[in-house]
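These notes are about the structure you will find just below.
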């Protein structure tokens, strides 16, 4: 069992970036996610839509002047986890008919939820699953961690 966990940890691919809580930052989150996933050889459609919606929500509903938001991608065999953390913790997102963002996240993700982030913020996360053949065919990452400056 421990060797399986160690092998899985070695296969994990991680990318995170801090972005400005502006419409430009939300757009950049989507573009950076697509480029990272393309580099990993992973499917793009569902993750692109999820990142776009979570980033726009972080900018629209989670914005605190002078503070950014963080996007994180963690790919493991069979699953991609997308996390978007903002610095405003007073409003936890819920699925409602008023906005379409989380309805779309719910439609594209296999699982999603909200957890407390670094105080005072929150993290909205979503997971997308795919077959093991997709993972085996994908190239190894050239960099395990990204920054907004590179």
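Each reported figure results from applying straightforward, stated rules to the coordinates on display, with no laboratory input. All values reported here derive from a predicted model rather than from experimental measurement. Every residue, glycine among them, receives a Cβ derived from its backbone with ideal geometry; neighbour counts consider all protein chains shown.
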Taking a virtual spin label 7 Å from the Cα of residue 20 along the C-beta vector, which residues in the range 29-68 bring their backbone nitrogen under 12 Å of it? 66-68
Taking 7 Å along the Cα-to-C-beta vector as the label spot, tell me the residue 27-residue 116 distance in nanometres, rounded to one decimal. 3.7
Listed with the fewest Cβ neighbours within 10 Å leading, 44, 18 appear as 44, 18
Fewest-first ranking of 108, 69, using other Cβ atoms within 10 Å as the exposure measure: 108, 69
